[in-house]
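Following: one structure in structure tokens, then a few remarks.
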Amino acid sequence: MRIAIASDHAGFEQKQALVDYLAQDLGCDVTDFGPDTDDRVDYPDYAEKVAHAVASGDADRGVLVCGTGIGMALAADKVPGVRASSITRPDFADLFRRHNDGNVVCLSGRFVEPEVNREIVKVFLETGFEGGRHADRVGKVMRLDA
Ligand code: RB5
């Protein structure tokens, strides 16, 4: 699976670890959109890069890490075709995929432990969309893009 990933300074350390986890443990084709250091940056600039990669089809899924995950989700969701959410629990990652067909997961680098974020990412990548009644609802959500 092709994964686009990025962070801001608050998510940098966990982003770096997740790049390795995605490539080495989960066998993903990872594109790291930065940053390359933990110097202060603005999260919308990095959310935009990953959101466009997913919306264009260059990446299958996106992973974003900031302090809370909230800012990244707010920014990424502005890009048509993106379904992004801040996710802090593995069971929410499961429902985000099964019910919402989420394509960009936004993680907290400051309030969620690395092992929990690894599990969230694993569930996010390995869980399918259920379709059916959820497809109708997601379709209604996506029509709000227009
Ligand atoms: C940066 O201090 C912080 O505001 C950012 O990482 C994120 O949590 C925003 O939602």
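Odds and ends about this structure:
- With 5 Å bins from 0: P(r) over the chain, alpha-carbon pairs, percent: 2, 12, 22, 25, 23, 11, 5, 1, 0
- The dipole here belongs to segment 55-146: it is taken about the Cα centre, uses +1 on the Cβ of Lys and Arg and -1 on the Cβ of Asp and Glu, and is about 260 debye.
- Net charge over other residues, Cβ less than 12 angstrom from the Cβ of Phe96 (K, R count +1; D, E count -1): +1
- Total lysine pairs under 23 Å (Cα atoms) in the chain, excluding pairs fewer than 8 apart on one chain: 6
- FRET efficiency for the pair Asp136 and Phe111, taken as 1/(1 + (r/R0)^6) with r the Cβ-Cβ distance and R0 = 41 Å, rounds to 0.75.
- Semi-axes of the equivalent ellipsoid for segment 66-127, Cα gyration tensor, largest first, Å: 17, 15, 7
The numbers here are math on the coordinates, done by the rules we state, and not lab data. Quick caveat: nothing in here was measured; it's all calculated off a predicted structure. In this analysis, Cβ positions are derived from the backbone assuming ideal geometry, glycine residues included, and neighbour counts consider all displayed protein chains.
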